[in-house]
Structures are given as C-alpha cells and as structure tokens.
Amino acid sequence: MKQKPMNVVEKILSAHLVEGDPAKDPELGIRIDQTLTQDATGTMAYLQFESMDVPRVKTDLSVSYVDHNTVQIGFENADDHDFLQSIAKKYGIVYSKCGNGICHQLHLERFGKPGTTLLGSDSHTPTGGGIGQIAIGAGGIDIAVAMAGGAFHIPTPKVRAIVLKGKLRKGVSAKDVILKVLEKFGTKGNVGWIFEYTGPGVATLDVPSRATITNMGAELGVTTSVFPSDAVTKQFLAAQGRAKDFVRIVADKGAKYDDEFVVDLSKVEPMMAAPHSPGNVVTVKSKKGLKVNQIMIGSCTNSSYRDIRTVALYLKGKHVADDVEVGIACGSRQVINMLAKDGSLAILHAAGCRMLENACGFCIGAHMSPRTGAVSLRTNNRNFEGRSGTKSAQVYLVSPETAAASALTGKVELPTKNPVAAVPSPKKFPIDDAMFLYRKTAGKGVKGAEIVRGPNIAQVPKGVPLAKDLSAVAAIKVGDKITTDHIMPAGARLKFRSNIPQYAKFVFEPCDAKFHDSCLANKEKGLANVIIAGESYGQGSSREHAALCPMYLGVKAVVAKSVERIHRANLINFGIVPFIFENPKDYDKVAAGDKLELKGIRAAVEGDGVLVVKGPKGEFKVKASLSDREKHLLLCGGLLASL
Ligand code: MIC
Ligand code: SF4
C-alpha cells in the first residue's frame, strides 16, 4: 500500500511513537533519543533520576550542561557543578563544563541530529528544530524518566506550516522573522501546536538562523518548531565534522497541514518586542530615535558565530555611544575561537563592548541588570517585567543587527540603513571538545564513582496522595500571562535551585512577597492552598520549581482560564490539579483569601474532571481534562510518589 504523504513532524514522530494513535488519542507517548539538562534545572532532574534506581542512562546520548548559574557568589553554584559532574561520571552522561558555552548553542554545534528526538529541561530546547530534530522542553522529572528509558508524552499535535517565500533583505535576519510570527500568533493560544517551516525561503536560511527561529518558538507556547533537514543542514554538519549525522528529512509532496501561514521574507521589516512580553511586537521603525541605555547581545537565541560576527562588522572601526553600555556573551568556545581568529574580538573590544562569559548571564538576570528605568535592547528571547533584575527597566527584544546599529548612536536605529554584508556559512568550524567530559564512558558510566553532595544539595520532597475532599484558601489571585518568572523568580534567587525549602521562600515574590508565609500558615491549619489565575498561566520557562515549590507549600490546585503546556505537565508531575474555569467569567467570583470547598476533588480527578467549587460568592464549575496517565499521577500525589 502506498503511504500517505507526510510532513516532517509526522515523519519523525511516527518513527518514535510508542503510545497512542495520532488519529484518535489526545496524547502520544514518544521515545526519546537524546536528553539535555542545564544546571539550574539539572540538579533536580538528576536527584529525581537517582531516586529511580537505574544504573545508567538508557538514551542514545544525555548531556549535562552548566551555563545558567556561573557567577559563583557563595558556595552554592560550585556545589551544584560538582554534584552534576559526579552524577554525569557515574551514570554515563556527557558533562559540559562551566565555561564551555550555552546548552542550546553547544548542542546544535556538537550533538543535535536530524530525525531524532531531544528532550531538554529547558524551554528553549526547540533550538534543535533548526537542525531537523523534534526537540522539546520539559520539566526535569520528565527528563529523568526519559533518561531511565521511559516515554515522553505530548498532546497529539496539530501542525501549522509556516511557508517561507523570498529572501531576507540586508540588515534583516531570523530574529525579525520569528518576531513576525509572534506578532501574528502571540504568546497564548498555541498550546498543542507544532510549527513546521517549509517553502522555498527555507533554503535561504543557514542553520544558526533556523535555530534562532525555532528557539523563540518557545515564546509562542507551541510544543516545538522544526525545519526540514536539507542541503543546508548537510553542509552545516559537514562543517562541524559530523557529516555522518546527516539524514535528509523533508516533507513529502502533497503532505497535509492543519493550518498554513505564509511569510514573504523579502517583505519582513526589522521588528522588536516591546516591554513586557515577547508577543508585544512592533516595528523598529516605530521606535526609531528612542534613547537607549543598555544593549545586551547574546543568549541562546542570538549567540552564534554568524550573529556576533555580524555585530562586529557593524562596529568595525567605530565606537559605541558614550551613554550606552554594551555587553556581549557568545554562545560557545567555538564561537569565541572563530571571533578571535578573524579579528572580530579585537573589533568588539576596540568598539568599547564588555565581553562577557559565554553563558546565560544577563538573559536570566544573573548579572548586568540595567539601571533604574533604563531602556535596554537585548537579543534574547524574553522581556518579562523584572527578568533583567531591574523591575523598572524597559526591555526590548531585537535582532543582533538592530542591537549593533543602535549601539553606535545610543538610540534605536534601523539596521537596514547601513547594512553589512551577510556572513557566509563557515566551510569548517574549529572543533575543540575538550570541555565535554566523560565522552568515552557515555551511556556506560563509571561503576563506583562517588557522588559529591555539598550542603546546597537538598532532598527532593515527595507529594502525598490526593485527599477525598479539600478545604482550601485562594492563596493568591493573579491575572493573565503569569510567567514562571513571576511564580518562581530566577536572577538573584537562582542559586537556591537545589534546595527546595530555601527556594520556596520566594514563590510569587514579585506578586505577593507574603505568599510563602501565608501558605505555610494555611497548611498548618490543615487547609490546602489554591492558586487562582487568568489566561495562559505558567508561560515561559520549563522550571519545574514553579510547581515543585508550590507543592512544598501545600498548593493542591490551580484554577485558571488556561494553562501553558510545560507548566501544566509540571503541575501534574507534582500532584497539583490544573483546573480550568468552565465559565471564564467565574474568575470574578473568587478573591484572594476566600475560603473554598473542593468537595469530591479525588472523585472528580478519577472521573470526568468536573468539580463544583464552593466559595463565599457562590458555586462555580471547574474542569481538568486529564488522560488516564495524568489521573494516575495526580491521585498518587505526583510522579515521584507514583514510582
Ligand atoms: C529561561 O530562559 O527562563 C530558563 C532559565 O532558561 C528556563 C529554565 C530555568 O528556569 O532554569 C527555561 O527557559 O526553561
Ligand atoms: Fe539561558 Fe536565556 Fe537561553 Fe534560558 S533563554 S537557556 S537563560 S540563554
């Protein structure tokens, strides 16, 4: 029988399907070939993996990167690094030492393989889509399960073709394309979709540009984004000395999609995301002349050789404006080596840029917070309020081209006015894998290797089975688009990631600094805590701490208008029921501090998920649409408790 024509997503998913039927089931289980973790989510992932009692990882490849917590003020970060290194040695994981670079950039360069699946404990794992991987971000415990050989579950996807036509103009780049897509689809309402890039314009984009686009697909809230694997991919892999990793994966002629959106690349203008959401997209033209105080270039979205070399070409022989500070963080040692060899590093230094460590750094608010009320142009992917470390800062997300052009005058400038030549794809990248440890023992591990556990490494708390009925308090009421940066702030608090009781003190710190204390007081009185939220609750990062720490504080349910995919999965993994208001207007029936009766919550989860909640302003209906697997996890009190 002739097979029906397939798109790229169908090809890769069908080759990895282990549970469910895409034609009828709402959820699919897929086999995971590769995993990645970064340090800020990795310590929990590995503590959870350890508790699964598996002698070594069962994936084709698992890599543990250190790139988030690299500042090392105090012992905490270094304790985490040692723990991660020792775990990697023992269980057959490749360890990327601090200083090697940013996980997504490194993975793309050295390990990502077309046609495979990659699961990462970081929401920007879809960067791998740039090389034709189905690469998905998830909570740490899901990565632990995948490392132990278990399937990963995704909502059965709808696939939208983003058809690229034409060619970008000089001075316009991949960042502008993804901002254009974000302008159209926004940061909410895309749960369950996968965006597949197709059309003749695809061939005009190099792999780093494709990766910029799939990276920032995370901001759409889609499951992932993917490009085909074609001649451009083949050239990139060959240049990385990995020709053998190439397989061609393109959509068949006549392949079907659930929807289609056409982007004419030749018409894309320089774009920017205005404060405080990546979905707040405007043209650069509309902000031309706005005075800028800070410009930060780098992050996993825009830190490739192509990007930083382009910035150097803009700044060559010139100097950044007096009133602006410019920081540049490259994505990897490979990028830095290339910039050193071709003279770009000297150009950037001479231009007055601050060259920073090749790590997440500024992107996660770990340093270089802007001054009070500053306008900061950044090439990263998120501009949530306060994420930079300065609540009053106005952060705009831009392309490296716009960042560079604006650095010269200290005002927002159009990069198309004096554009530089396109950076050609290197024929050969310099390869130096010396900071990837344990490659020889990958998949095997080292028997008897000791695990190093400093005082910053605490135990992972386990949930308890869901009670029959719950008397609860609406511990907080928040609005729409609450991000995980609101729920579980990073920046200065990031170093407590491996210590839940300590980190839990900062849950909802930007919204209600007393949340921690009031939750614990309710818990002591035998009352459960409930979070009330608007649309698109839990946008942003994959950090499972945004579920794990609330669980620790006795949160048993979230009642929202809608919940984002990764956060919803994290809530379930930690035994918190993700309810949705049946009638969104009922959101107005609850106030913070209200006593709520969740009578029959266990039976509701076991059954159709519908529950009538009683509050001071009357009753309202909520619903959790759950698969059997999810029901089981919630009834047990979360994934760890279910093992
Ligand atoms: C982010 O960009 O918000 C992070 C920090 O990389 C997170 C992961 C984390 O919180 O550790 C993400 O994107 O998943
Ligand atoms: Fe790191 Fe920023 Fe990328 Fe997150 S978005 S992985 S913090 S560079």
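Annotation: of all residues in the stretch 371-382 being surrounded by 24 or more Cβ atoms within 10 Å (Cβ to Cβ) and not small (Gly, Ala, Ser), the one that is farthest from ligand 1 (Cβ to nearest atom) is Leu377. Taking the stretch 304-329 as the range and being assigned to a loop (DSSP other than H, G, I, E, B) and either without any contact (Cβ under 8 Å) to a residue 40 or more places away in the chain or not acidic (Asp, Glu) (or both) as the test, the residues that pass are Ser304, Lys316, Gly317, Lys318, His319, Val320, Ala321, Val324. Taken over the stretch 20-69, the criterion of being under 26 Å from Ser627 (Cβ atoms), within 11 Å of ligand 1 (Cβ to nearest atom) and of a type in the set (A, V, I, L, M, F, W, C) is satisfied by Met44, Ala45. Here Leu527 fulfils each of the conditions (1) crowded, with 22+ Cβ neighbours inside 10 Å; (2) more than 16 Å from ligand 2 (Cβ to nearest atom); (3) aliphatic (A, V, I, L, M) apart from (1). With respect to the conditions (1) more than 30 Å from Asp258 (Cβ to Cβ); (2) within 21 Å of the chain's Cα centre (by Cα), Gly120 falls short on a single one, namely (1). Within the stretch 539-552, residues that are more than 7 Å from ligand 1 (Cβ to nearest atom) have Cβ atoms under 6 Å from residues that are of a type in the set (D, E, K, R) and part of a loop (DSSP other than H, G, I, E, B) in these pairs: Gln539/Lys481; Gln539/Glu564, counting only partners at least 6 apart in sequence or on another chain. Does the stretch 202-209 contain at least one residue that is crowded, with 18+ Cβ neighbours inside 10 Å and touching a strand residue (DSSP E or B) at 6+ places or on another chain (Cβ under 8 Å)? Yes - at least one qualifying residue is present in the stretch 202-209. Candidates are the residues of the stretch 476-491 that are aliphatic (A, V, I, L, M) and within 20 Å of Ile580 (Cα to Cα); the one that is farthest from ligand 1 (Cβ to nearest atom) is Ile476.
One line per residue, one yes/no per condition, for (1) more than 24 Å from Arg439 (Cβ to Cβ); (2) over 19 Å from the mean Cα position of the chain (by Cα):
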site	(1), (2)
Met6	yes, yes
Leu28	yes, yes
Gln38	no, no
Met44	yes, no
Asp60	no, yes
Val71	yes, yes
Gly74	yes, yes
Gly92	no, yes
Cys103	no, no
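Among the strands (runs of 3 or more DSSP E) confined to the stretch 15-56, the ones with at least 3 residues that are within 16 Å of ligand 2 (Cβ to nearest atom) are located at 34-38. Applying the criterion of at least 2 residues that are under 27 Å from Gly534 (Cβ atoms) and touching a residue at least 60 places away in the same chain (Cβ under 8 Å) to the helices (runs of 4 or more DSSP H) found wholly in the stretch 107-226 leaves 140-147, 174-185.
Considering only residues that are more than 16 Å from ligand 1 (Cβ to nearest atom) and crowded, with 24+ Cβ neighbours inside 10 Å, look in the stretch 115-138 and name the one that is nearest to Gly298 (Cα to Cα). Per the stated criteria, the residue is Gly130. The residues of the stretch 384-422 that are of a type outside the set (A, V, I, L, M), crowded, with 24+ Cβ neighbours inside 10 Å and within 16 Å of ligand 1 (Cβ to nearest atom), listed by number, are Arg387, Ser388.
Applying the criterion of being of a type in the set (D, E, K, R) and more than 16 Å from Phe83 (Cβ to Cβ) to the residues of the stretch 441-457, the residue that is surrounded by the fewest Cβ atoms within 10 Å (Cβ to Cβ) is Lys447. Which residue is nearest to ligand 2 (Cβ to nearest atom), if the candidates are limited to the stretch 352-385 and must be touching a Leu at 6+ places or on another chain (Cβ under 8 Å) and β-branched (Val, Ile, Thr)? The residue in question is Ile364.
Each value in this text was obtained by applying a stated rule to the coordinates, not by laboratory testing. Treat the numbers as computed from the prediction; the structure is a model and nothing was measured. A quick note on method: Cβ atoms are made from the backbone with ideal geometry, for glycine too, and the neighbour counts reach across all protein chains shown.
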